[in-house]
């Protein structure tokens, strides 16, 4: 494809049937497998594996050594830290073929997953959630949640700019960088207009 609008390093492999958006960059030794749909302005570090039929939105940043397996969807503006990994089978066995039984995982708009984190399949990550380095996610994570540990445990809330939120007695917090206001009500955080 001489007229492609994305960049793939000469050592990268892009299989047939992929749709890759304008401005996307695929770096050294990465492999984008068949029938993936990848948005515009994404960036893949070196040694990334994207399995068949994965869907990634626009502006997804994938750091070095990340594995994204079939069944994963990442919406726009997702950050995947170095060496983080997704799974797609809850009970894998070498001698048992479970293709076609893959569990789905969705990482919602703006979420960040830290270095060496593991996302166990079938668990969705909410908008702007922040998964700490090394965390093992074994359940759905709400929007704006900050989770750490193995198994992951929620320890707070994060702003869209990636700062920890401190809520006052009225359930209001202000992001230190953006100055945007957030409300915590009945265990749910939302950005105020």
Of all residues in the stretch 60-76 being within 9 Å of the chain's Cα centre (by Cα) and surrounded by fewer than 19 Cβ atoms within 10 Å (Cβ to Cβ), the one that is farthest from residue 28 (Cα to Cα)
73
In this structure, is residue 45 modelled with pLDDT of 95 or more, more than 21 Å from residue 129 (Cβ to Cβ) and assigned by TED's automatic domain parsing to the domain that holds residue 144?
yes
Looking at the stretch 77-191, what strands (runs of 3 or more DSSP E) fall wholly within it and have at least 1 residues that are in the same structural domain as residue 43 (by TED's automatic domain parsing) and either closer than 21 Å to residue 60 by Cβ or touching a strand residue (DSSP E or B) at 6+ places or on another chain (Cβ under 7 Å) (or both)?
105-107, 145-148, 153-157
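Give the residue, chosen from 114, 162, 149, that is touching a residue at least 12 places away in the same chain (Cβ under 8 Å), buried (at least 17 other Cβ atoms within 10 Å of the Cβ) and within 23 Å of the chain's Cα centre (by Cα). Talk me through it step by step, then tell me what you get.
Details: 162 fails: buried (at least 17 other Cβ atoms within 10 Å of the Cβ); 149 fails: buried (at least 17 other Cβ atoms within 10 Å of the Cβ).
Within the list 114, 162, 149, the selection yields 114.
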List every residue pair whose Cβ atoms lie under 7 Å apart, where the two residues are 6 or more positions apart in sequence or sit on different chains, the first residue falls within the stretch 169-193 and is on the phi > 0 side of the Ramachandran plot, and the second residue, located anywhere, is part of a strand (DSSP E or B) and loosely packed, with under 12 Cβ neighbours inside 10 Å.
171/185
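The values are calculated or read from the model by the stated rules, or taken from the named source; none is laboratory data. Please read all numbers here as calculations on a predicted model, not as lab measurements. Every residue, glycine among them, receives a Cβ derived from its backbone with ideal geometry; neighbour counts consider all protein chains shown.
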